[in-house]
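Working notes, structure below.
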Ligand code: SOE
């Protein structure tokens, strides 16, 4: 069920968006769906802000981020700007008393992410990071099944997140350069989603890891590249389960293939982001596909199912579910599984462990608690 924020007593949630790219459009659509009103948009320049405000349908364009952050008629700021700007903007938004939704990676160092999580706690504001794959109903279904012991003891994990938009040397993006994207690219951009989902579903943490990474092209579009395209990781969880995580933005034909496969002592589960209506369940005797169905779903999955089974839900629906939960939290509710700045911090800690291990030829590295 979608939360109607206009019924909370706080009135309509008034939204400001920083940034004007693909993610800003996804945030705008979800904000509207959750009943938010898009008051203002700001990008790097006044002309860019005007263009983005028109495209996104905002009431006004602000000349810069500072003006948007100090606007009295904005309750929540969505930060959809390049990675290296996140920490500073999120801190300023919290200082200005705003609730904040900051794109991942929350910060490009664990120390900055920790400062942000602490600042959010001190400010008593809702501070969320869009680890949105948590919002697929079949992910919640998998999580509920693991939590109630259906799969038995977790033995192994076989997970990957594969894309191909960086396949060619001419493929370029601001994320490719550490100055705008941070020291890690493929891992921070999509490996962060994968690790968040793994820990969310299995209910335990990755205790240690061994990572190798690869930068395939020294230059893209004539400019030097200083971030990785591919990461292969071995992991061990708190309970001793072993797993492999493959992350690549150069896997031809794979567009947004996030796959989570868990093998327990009684059962296996497999979720694929590009087939989000299904959960594969395997036992030694049989395997079957469980299809999304609000009538038989676990409660936490059922609440995210907006349309009857057979009417496929996807990426934007997951995003809508996330933003609806953020706005519900702003209205004083405590929605289950909301990814917060604490989760953004966790992700930054994992990123540093991956970078440290990869820099040491794959040395097994403990992930700080
Ligand atoms: C590009 O890799 C990207 O848009 C990511 O930045 C998003 O977080 C992911 O959800 C989809 O792919």
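What the table shows:
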| read-out | value |
| --- | --- |
| Max mean-square fluctuation residue, GNM over the chain, Cα-Cα springs under 10 Å, options 61, 124, 52 | 124 |
| DSSP bridge orientation in the chain - percent antiparallel, rounded to nearest 5 | 65 percent |
| Orientation-averaged projected area, Cα convex hull of segment 161-300 (nm²) | 10.1 nm² |
| Helical contribution to [θ] at 222 nm, DSSP H n ≥ 4, -39,500 (n - 2.57), averaged over the chain, rounded to 500 | -9500 deg cm²/dmol |
| Separation between Cα centres of segment 79-93 and segment 160-231, rounded to whole Å | 19 Å |
| Neighbour-count ranking [beta-carbon atoms within 10 angstrom, fewest first] of 357, 309, 268 | 309, 268, 357 |
| Separation of the residue 73 and residue 46 label points, Cα + 7 Å toward Cβ, nm | 2.0 nm |
| Volume per residue of the C-alpha convex hull in the chain, rounded to whole Å³ | 136 Å³ |
| Computed E for residue 29/residue 360 - FRET, C-beta separation, R0 45 angstrom, nearest 0.05 | 0.60 |
| Label-point gap, in nm, between residue 256 and residue 171 - each point 7 angstrom along Cα→Cβ | 1.5 nm |
| Ranked list, fewest to most other Cβ atoms within 10 Å of each Cβ, for 345, 135 | 345, 135 |
| Top of 299, 276, 137 by mean-square fluctuation, Gaussian network on the chain, Cα under 10 Å | 299 |
| Calculated FRET efficiency for the pair residue 111/residue 179, C-beta based, R₀ 22 Å, to 0.05 | 0.75 |
| Least to most buried among 349, 198, 139 (fewest other Cβ within 10 Å first) | 349, 198, 139 |
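Read-outs throughout are calculated quantities, based only on the coordinates presented, and are distinct from any laboratory measurement. Nothing here was measured: the structure is a model prediction, and the numbers come from that model. For neighbour counting, all protein chains shown are included, and Cβ atoms are generated from backbone atoms with ideal geometry for every residue, glycine included.
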